[in-house]
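Reviewing the structure listed below.
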Amino acid sequence: MNKIAKRFFVALFVVPAFLILLGVVFYPFLYNVVISFSNMNLRHIKDWHLVGLAQYIKVFTEPTEPNFYAVFLKTIIWTATNVFFHVVLGVFLALLLNQKIRGRSVYRTFLILPWAIPQYIVALTWRGMFNYEYGSINIVLTKYLNLPAVEWLKSPTEAFIACILTNVWLGFPFMMVVALGALQSIPHELYEAADIDGASWFDKLRNITLPLIRPVMIPAITLGIVWTFNNLNIVWLVSNAGEPSDQTHILVSFVYKAAFNLYRYGYAAALSMVIFVILLVFSLTFMKRSKATEGAY
């Protein structure tokens, strides 16, 4: 096969994939960038024009309720809390499943189920569980724990906590699967050598287990942060589109409302680009400072 034939053969496989990426990734991204510099809204759909940085200035200065800074702070709390519990629960359960226990495959299957169920089903199910009168959570609180029922979805704080609890349940299986795969790749000889040296369980965890799963967990944590930061479904469905009083919004749900409820397409596009830059800078910085690309050994 000559060089021309080889290049044609390679192009035969590459070009279709590139065209698909161009249609579903690059073009929408570039179109969103253009819209972010425009005045497009419900009144100006066909006669929109470029207005420079006006929409970006509005993102940071417009006195909306809630404003960008309040929503951004809530998004940080949302992301940090969720990812913390995702990682802690995921690694803890992975450590348990990595032991030789009876029925390990059954436990593993049940623990992966939250991740396998579609998010919108999870969100609507948990919304029903948080119902004040008939929800199972309040039934447990009042009937078995002798605690007062909580109006989960009528107060901003309780509604936000309800969203976090739902997303924690939904997200820990991913970290568990990643951590379990990393644990099973650690050579047993290292633990045998530690046993000979008289190392305790905590010493082996601190000096062998955690350092060796770190190169795998850091990219997973980075991906988890991006996913959680952009997780629209849970907040939108559990709290009923940011209710009560738009106080449970995170940035991505605020973008969705601006675009599809308020029809402020230029503003929503500018805010989405701000989110993109925040996540891009964070991911690159986090991966670099954590030295995630360095080898484990």
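At the residue level, ARG206 shows approximately 130 square angstrom of accessible surface with a 1.4 angstrom probe and all protein chains present. Measuring only protein heavy atoms, the 1.4 Å probe finds GLU192 accessible over about 110 Å². Of the chymotrypsin sites (Phe, Trp or Tyr not before Pro) found in the range 129-165, those that fall in a DSSP loop while having at most 16 other beta-carbon atoms within 10 Å are TYR132, TYR134. Rolling a 1.4 Å probe across the protein heavy atoms gives the chain an accessible surface of 60 Å² per residue. Ordered by 1.4 Å accessible area with all protein chains kept, VAL51, VAL91 run largest first as VAL51, VAL91.
The distance linking the range 55-100 with the range 129-170 is 20 Å (Cα centroid to Cα centroid, whole angstrom).
Above 36 Å, the calculated P(r) of the chain contains 35 percent of its Cα-Cα pairs.
Karplus-based coupling profile of the range 167-174, in residue order and whole Hz: 6, 4, 4, 6, x, 5, x, 4, with θ = phi - 60° in 6.51 cos²θ - 1.76 cosθ + 1.60 and x standing for Gly or Pro. Sequentially through the range 135-140, phi angles give Karplus couplings (6.51, -1.76, 1.60; θ = phi - 60°) of x, 5, 5, 5, 4, 5 Hz, Gly and Pro residues having no value and appearing as x. Overall shape: oblate for the range 7-135, with the ratio a/c of the largest to smallest alpha carbon gyration tensor axis at 1.5 or above and b/c at least equal to a/b.
Give the Debye-formula value of log10 I(q)/I(0) at each listed q (0.12, 0.17 Å⁻¹), with one equal scatterer per alpha carbon of the range 200-287, two decimals each. Once normalised to I(0) and log-transformed, intensities are -0.52, -0.78. When LYS154, LYS6, LYS74 are compared by accessible surface with a 1.4 Å probe, the order from highest to lowest is LYS154, LYS6, LYS74. Of the residues TRP78, TRP126, TRP169, ranked by 1.4 Å probe accessible area with the largest first, the sequence reads TRP169, TRP126, TRP78. Solvent-accessible area of the chain (1.4 angstrom probe, protein heavy atoms only): carbon and sulfur portion equals 69 percent.
Under the shape rule built on the C-alpha gyration tensor, where the axes satisfy a ≥ b ≥ c, the range 68-135 is oblate, since a/c reaches at least 1.5 while a/b does not exceed b/c.
Excluding residues on the same chain fewer than 8 positions from LYS204, give the aspartates and glutamates whose Cα lies under 19 Å from its Cα. Filter leaves GLU189, GLU192, ASP195. Where only DSSP H runs of four or more residues are counted, the chain gives -21500 deg cm²/dmol as its mean residue ellipticity at 222 nm, each run worth -39500 (n - 2.57). Taking θ as phi - 60° and the Karplus parameters 6.51, -1.76 and 1.60, the scalar couplings of the range 212-222 work out to 7, 8, 4, x, 8, 6, 4, x, 5, 5, 4 Hz in sequence order, x denoting glycine and proline. Solvent exposure of SER200, expressed as accessible area, is near 50 Å², computed with a probe of 1.4 Å over the protein chains only.
Pairs over the 21 Å Cα-Cα cut-off, from the set LYS74/LYS257; LYS74/LYS143; LYS58/LYS154; LYS74/LYS288; LYS58/LYS288: LYS74/LYS143; LYS58/LYS154; LYS74/LYS288; LYS58/LYS288. Straight-line reach from LYS6: taking Cα to Cα under 24 Å and skipping same-chain neighbours fewer than 8 places apart, no lysines fall in range.
The values are calculated or read from the model by the stated rules, or taken from the named source; none is laboratory data. Bear in mind that the values here come from a model prediction, so they are computed numbers and not experimental data. So basically every Cβ, Gly included, is an ideal-geometry build from the backbone, and we count neighbours across all protein chains shown. We work out accessible area using only protein heavy atoms, side chains counted, and drop any ligands, DNA or RNA first. Shrake-Rupley method; radii C 1.70, N 1.55, O 1.52, S 1.80 Å.
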